[in-house]
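First comes the structure, then the notes that go with it.
A short reminder: the numbers here are calculations on the coordinates, not readings from a lab. Small disclaimer: the values here were computed from a predicted structure and weren't measured. Note that each Cβ is placed from the backbone with ideal geometry, even for glycine, and that neighbours are counted across all protein chains shown.
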Amino acid sequence: MKALRFFIGINIMALAVALSKLSTLGTSPIAAIPNVLSESFSRSIGETTIFFMVFLIVLQLLIQLPKKAKDLFLLLSQLIPGVLFGSLINAYVSMLKPLIHWHSYALQLLTLLLSILILALGVVIEIASDFIVMPGEGLPKTIAKTYQLAFPNVKLFCDISMVLVALILSFAFGHSFLGIREGTLLATFLTGPLVSLIVYSQNRITKQ
């Protein structure tokens, strides 16, 4: 049951990233760097997402320096959802791209806002599954645990850092705001509150 909920959560999150990518208004922080790399090197966002997930796992290994086999296994197990996440993003982009044609900015913005809501729902389901940690969640968890910091603060710091790094890479590759637009900022500051709202609503319904 945990594995099924986890798989559903990742599917929903991948769908959200695909929609935000196709809106062309920017993606969520976790996909910001892969999106810039995708646009700069003509690679699929799924491929660059997988590479980025591996990078996040390596960062965790360097920060935590696991001495126990169990801790090492838990970190390396993040490769499974990382690869799955990138592959699903590619699948959804391929399925949706022929169906989406923009006729107005309003439709792009609506799609982007829908992607943020879907992403928040996917995050709630993925976390509630309590199965395998996603690399994007694993990095702030590792930092918070290693340096004894509050997880929400570290998570926000990581999200903002990812957006800033994506912006720097965009300019470094000779582009201005490539893949970084208003949607990136909206996703950065709306996803967290939406996750909290969904969890709160879920708890209210459960208690009734």
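Annotations for the structure displayed:
- The Cα-based radius of gyration of the chain, divided by its Kirkwood radius, gives an Rg/Rh of 0.96.
- Cα centroid of segment 120-198 to Cα centroid of segment 12-49, whole Å: 13
- Unit charges on C-beta of K, R, D, E only; dipole of segment 123-195, Debye: 160
- Theoretical gain in end-to-end length, residue 175 to residue 130 [0.36 nm per residue, Cα-Cα removed]: 12.2 nm
- Between the residues 123, 158, 146, the greatest Cα displacement towards the positive end of the dipole of segment 75-181, with unit charges on the Cβ of Lys, Arg, Asp and Glu, is found for 158.
- Every helix of 4 or more DSSP H residues in the chain counts as -39500 (n - 2.57), and over all residues that averages to -27500 deg cm²/dmol at 222 nm.
- Trypsin sites (Lys or Arg not before Pro) restricted to DSSP loop in segment 41-84 with at most 16 other C-beta within 10 Å: 43, 67, 68
- Candidates 36, 165, 195, ranked by Gaussian network fluctuation over the chain, Cα under 10 Å, top entry: 165
- For segment 1-109, size of Cβ-based charge dipole, Lys and Arg +1, Asp and Glu -1, in debye: 360
- Magnitude of the charge dipole, the chain, Cβ model with Lys/Arg +1 and Asp/Glu -1, debye to 20: 480
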